[in-house]
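Take a look at the structure set out below.
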Amino acid sequence: MDTQLAATARAGWIGAGKMGAPMIRNLLAGGISVGVSEANPAAHGALAQAGATVATDLSQIEGAGVVFAALPHDAALRAVAGGLAAGAMAPGSTLVEMSTVSPGCSAEVAEMLAAAGIRYVRAPVSGSTAMAEKATLTLLASGDGAGWDAALPMIKLISARQFWLGAGEEARYMKLVLNTLVGASSAILAEAVALGSSGGLSRAAMMEVICESAVASPLFKYKSELVVSQDYSAAFTIGQMIKDFTLISDAGRSNGVPLMTAGLILELYRAASNAGLQDEDFFALVKWHSGISAQQG
């Protein structure tokens, strides 16, 4: 496909949650007409005001050559794919599916869509809601090469970096690889901060040094203020991290890969959730661990 977008370019979008909504706005800002299928009527007003056409069903995506989906879990993807394969998308059109789902579910969907003649691009994203708003996300992609070529001009409107990884489920695995490291960062920081606090260090001092040290990372810098202020308003919740680490553990088990550290981290998130922190940011593991340390002290 030509890298220039046609003035009449139109996309469909399924699922306009925390990540989907800002990506839709970026497509609209890039001159793309977007028809949105969003089950939550509360989201319709803001999307319509931004210029999208919105419905509670799949009617608004019909006729779009490229359809994006951002869904919460495997069951939602299976249900949506069934509707798409049943006629909501025409043969030869492209589905760009951006969720964090299991590779096994994604492979099932690939067979379903292939039977309907729909090109299927797996395209999970890495980044925060703030990055989604600024179109600075990293997009990981695999699947149908022709579908990738067709969708790439639009994809560049919602992401700053794109990695094409292969013809199958490689992008799904790459997202699990990244989420393993992201989730582990919170877990090890929780223990490090608890250790430093026991020696009289303030959180502000620790985070300042950490973010200027050899272990500094964009993630630690992004979460530094949250850790210091102890305001764990969620960008990505502990409950969501439990879902992702369950996917990670299941994928490892399915492929015969021992993931002992990931299994321990999953149990840490579950313990924090059981302590009432399920809806707080996943870096609230720092808060949870400090509470445990205080009790033991």
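Give Ala272, Ala262, Ala251 a once-over and let me know the one that is closer than 23 Å to Ser224 by Cβ and assigned by TED's automatic domain parsing to the domain that holds Ser224.
Numbers: Ala262 fails: closer than 23 Å to Ser224 by Cβ; Ala251 fails: closer than 23 Å to Ser224 by Cβ.
Residue meeting the stated conditions: Ala272.
Taking the conditions exactly as written (of a type in the set (Ser, Thr, Tyr) and not in a helix (DSSP H, G or I)), does Tyr120 satisfy them or not? Give the steps one after another, and end with the answer.
Working: of a type in the set (Ser, Thr, Tyr): yes; not in a helix (DSSP H, G or I): yes.
Spelling it out, Tyr120 is indeed of a type in the set (Ser, Thr, Tyr) and not in a helix (DSSP H, G or I).
So which of Tyr222, Tyr173, Tyr232 ends up being assigned to a helix (DSSP H, G or I) and over 30 Å from Val66 (Cβ atoms)?
Tyr222
Surrounded by 13 or more Cβ atoms within 10 Å (Cβ to Cβ), touching a Lys or Arg at 6+ places or on another chain (Cβ under 8 Å) and closer than 14 Å to Val182 by Cβ, is that true of Phe220?
Judged against the criteria, Phe220 is not a match.
Find the strands (runs of 3 or more DSSP E) located wholly in segment 1-86 whose residues include 1 or more that are surrounded by fewer than 21 Cβ atoms within 10 Å (Cβ to Cβ), and list them.
Output list reads 10-14, 33-37, 53-55.
If I ask for residues that are surrounded by fewer than 21 Cβ atoms within 10 Å (Cβ to Cβ) and in contact with a Leu (Cβ under 8 Å, 6 or more places away or on another chain), which ones from segment 114-126 would you list?
Result: Ala116, Ser126.
What is the residue count in segment 132-164 for residues that are in a loop (DSSP other than H, G, I, E, B) and either out of contact with any Phe, Trp or Tyr (no Cβ under 9 Å at 6 or more places or on another chain) or not assigned by TED's automatic domain parsing to the domain that holds Ile32 (or both)?
5
For every residue, the table says whether it meets (1) surrounded by 15 or more Cβ atoms within 10 Å (Cβ to Cβ); (2) modelled with pLDDT of 95 or more.
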residue	(1), (2)
Met112	yes, yes
Ala130	no, no
Ser142	yes, yes
Ile158	yes, yes
Ala167	no, yes
Ile188	no, yes
Met206	yes, yes
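Which of the residues belonging to segment 195-228 are without any contact (Cβ under 8 Å) to a residue 60 or more places away in the chain, hydroxyl-bearing (Ser, Thr, Tyr) and closer than 16 Å to Lys287 by Cβ?
Ser202, Ser224
Kindly list the number of the only condition in (1) assigned to a helix (DSSP H, G or I); (2) under 14 Å from the mean Cα position of the chain (by Cα) that fails for Val96.
Going through the list (1) assigned to a helix (DSSP H, G or I); (2) under 14 Å from the mean Cα position of the chain (by Cα), Val96 breaks only (1).
The values are calculated or read from the model by the stated rules, or taken from the named source; none is laboratory data. Quick caveat, the model's predicted, so the values are computed rather than measured. In this analysis, Cβ positions are derived from the backbone assuming ideal geometry, glycine residues included, and neighbour counts consider all displayed protein chains.
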